[in-house]
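Each value in this text was obtained by applying a stated rule to the coordinates, not by laboratory testing. All of these numbers come straight from a predicted model, not from anything done at the bench. Quick reminder, even Gly has a Cβ in these numbers, built from the backbone with ideal geometry, and neighbours come from all protein chains shown.
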Amino acid sequence: MNKDELKKVIIDLLSKEGPKASTEIRDELIESGYEFDMLTFREALAELVREGKIKKEPNYERKKFLFSVS
């Protein structure tokens with residue numbers, strides 16, 4: 001799966017299911033049968049944040065950053 005396809009799938013997942021940590025996003029995509037390498041996954045998340053398509057906010061209770069659709 002290339003980075004652009006991965007970005008679309010991430011946005012779709014966050015739109016349907018709400019805020020998630022990166023590990024939760026990764027695990028759900030793997031469980032759904034998507035194949036990608038971790039570097040591409042991290043780059044896709046970072047690019048989506050820089051482009052303003054998703055936002056990254058700290059969750060102090062969970063001690064994780066949560067990603068959600070902007």
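For this structure, a couple of remarks:
- When the Cα positions of Asn59, Pro19, Ala46 are compared along the charge dipole of the chain, Asn59 comes out farthest toward the positive end, with charges on each C-beta of Lys, Arg, Asp and Glu.
- Loop trypsin sites (Lys or Arg not before Pro), the chain, which have at most 16 other Cβ atoms in a 10 Å radius of their Cβ (DSSP): Lys53, Arg62, Lys63
- Within the chain, the proportion of Cα pairs with more than 19 Å between them is 24 percent.
- Using the Cβ of Met1 as centre and a radius below 15 Å, the other residues enclosed give a net charge of -4, where K and R count +1 and D and E count -1.
- GluC sites (Glu not before Pro), loop per DSSP, at most 13 other Cβ atoms within 10 Å - longest free stretch of the chain: 1-34
- Formal net charge of residues neighbouring Thr40 (Cβ-Cβ distance under 14 Å; K, R +1; D, E -1): -1
- The aspartates and glutamates within cross-link reach of Lys7, meaning a Cα-to-Cα straight distance under 12 Å and a gap of 8 or more places when in the same chain, are Glu43, Glu47, Glu51.
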